[in-house]
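Any read-out appearing in this document is the output of simple, stated calculations on the displayed coordinates, not a laboratory observation. From a predicted model like this one, the values you see are computed outputs, not experimental measurements. Here the Cβ positions follow ideal geometry from the backbone for every residue, glycine too, while neighbour counts run over all protein chains shown.
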Amino acid sequence: MKKIMINEMSYHVGETIKLGAWLANKRSSGKIAFLQLRDGSGFVQGVVVKEEVGEDIFQKAKGLTQETSMYVIGEVTKDERSSFGYELQVKEIEVIQAAVDFPITPKEHGTEFLMDNRHLWLRSRKQHAVMKIRNEIIRATYEFFNNNGHIKADPPILTGSSPEGTSELFHTKYFDEDAYLSQSGQLYLEASAMALGKVFSFGPTFRAEKSKTRRHLIEFWMIEQEMAFCELEENLEIQEQYVAFIAQAVLKNCKIELERLGRDLSKLENIQAPFPRITYDDAIKLLHEKGFDDIVWGDDFGAPHETAIAESYDKPVFITHYPVGIKPFYMQPHPTRDDVVLCADLIAPEGYGEIIGGSERIWDYDLLKQRIQEHGLDEAAYAWYLDLRKQGSVPHSGFGLGLERTVAWLSGVEHIRETIPFPRLLNRLYP
Ligand code: ATP
Ligand code: MG
Ligand code: MG
Ligand code: MG
């Protein structure tokens, strides 16, 4: 007998198949039992009719506990009423392991309890939907960058130095030397862009952030892009095309999941390029108009500021040309103003905050060296990075997108902790 998965059932209507599954939930009466089965590829209802299977199998079905693993043999039928469109008319059940007191029941649970049981919580329909959306964003990311001539050039995770200083770095030992876990692969991507033209990367990044917000993880996954012969505006165009592409891919390929999450699809439908742009100067004015009297030119934006700015738009919005003082050392200065740099943050709608940080990079040797000194960075550690500016240096730009924030936004999930299988948070290293 053919063993198939739930998402393959549509090709096997009328056939008797074998399904490896867990019991997500069940209800039963004296004559019929409905088993909510899941196998990772989807959810399906198994129908056990006493008259057809006999007393023994029917009693076995009625006694199944939540999350028991089993093989189910049955016939696939089409059923318009079920959300998946198919049902399994159960003939036999072979229990593999009977689960005992599964702690996450259909009733409401507190967040700490769910986080303590993250290894089991992941099995819920909601978490399943979020993970499928995460997967679709990753898949669409590879498609987008491959379609647009990029080469994947993953940077190292263990590094000797880091672009943003050392305050948020995880320290470790590299044999006898000091090393840090990567906070961003950007500097390496810049070097790779000089070799390969257009590059992207996808990998974990680590920040020892003491902030306990719904947008910050200690370990998160970043998609980074870098391109040679590229100025800021061209980079913003790539960003908006990329973000629109993944939003549309999720809308197209994760309809069931978005519906299960109760996501308002119209919020994603209009995520199409181009995205609006507002300068930092105008963003400050807008904030003053909205009654944020405390913020002054030169301050960085916090979550409430980003949310207030984003409220004026129904798409992500670029805030461009931030003050030099609140951005890292490597950003290219504005050609006619020395107080702002050629950069942009992309702010997601609906209060999800910054999802991308990007900029044009300094490509002049003397200016970059001066910035490294001004920022008090260890020149020796950046020798190779500076050296790039001596060997056919060109204007280049790039960006980094936080995967988990993007998953949260597209899924409509409140807190970033639900967007990665095992979140690393300020006070949580287990499970
Ligand atoms: P924020 O201002 O929200 O702290 P950032 O400016 O420090 O973010 P960048 O260094 O620009 O972040 O990193 C690029 C992207 O990585 C951000 O736009 C965001 O999407 C994501 N990101 C940054 N820090 C985190 C974090 N701690 N957890 C999850 N995602 C993050
Ligand atoms: Mg930060
Ligand atoms: Mg920021
Ligand atoms: Mg940023």
Quick calc: nm separation of the 7 Å Cα→Cβ label points for Asp178 and Ile157 -> 2.2 nm
For the chain, the longest principal axis of the Cα atoms and the Cα long axis of helix 280-289 enclose an angle in degrees, to the nearest 10, of 70 degrees
dims of the chain, Cα set, principal axes, largest to smallest, nearest Å -> 84, 55, 40
In deg cm²/dmol, rounded to the nearest 500, the helical mean residue ellipticity at 222 nm of the chain, built from -39500 (n - 2.57) for every DSSP H run of length 4 or more, is -8500 deg cm²/dmol
Convex hull around the C-alpha positions of the stretch 1-130: the volume in Å³ per residue is 115 Å³
Rounded to the nearest 0.05, FRET efficiency between Gln373 and Ser312 (Cβ-Cβ, R0 35 Å) equals 0.30
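Taking the beta-carbon count within 10 Å as an exposure proxy, list Ile157, Ile347, Ile278 from fewest neighbours to most.
Listed from fewest to most nearby Cβ atoms, that is Ile157, Ile278, Ile347.
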Residue separation between Ile96 and Glu233 times 0.36 nm, minus their alpha-carbon distance, gives in nm 43.5 nm
At 20 °C and 1.002 mPa s, the Stokes-Einstein diffusion coefficient in µm²/s for the stretch 184-267, with hydrodynamic radius from the Kirkwood sum on alpha carbon pairs, is 138 µm²/s
So the number of lysine pairs in the stretch 38-189 with alpha-carbon atoms under 19 angstrom apart, 8 or more residues apart or on different chains, is 7
Taking a crude spin-label model, label points 7 Å out from Cα along the C-beta direction, the Glu168 to Lys212 distance in nm is 1.8 nm
The Rg/Rh figure for the stretch 324-431, Cα atoms and Kirkwood Rh, to two decimals is 1.09
Final fewest-first order of Leu286, Leu232 on the 10 Å Cβ neighbour count is Leu286, Leu232
So the angle from the long Cα axis of helix 186-196 to the longest Cα principal axis of the chain, reported in degrees to the nearest 10, equals 90 degrees
Listing Ser266, Ser28 by rising number of other beta-carbon atoms within 10 angstrom, fewest first, gives Ser266, Ser28
Extend 7 Å from the Cα of Asn7 along its Cα-to-C-beta direction; within the stretch 29-73, residues with backbone N under 19 Å of that point are 37-45
Length-normalised contact order of the chain, Cα under 8 Å, at least 6 apart, in percent, tallies to 13 percent
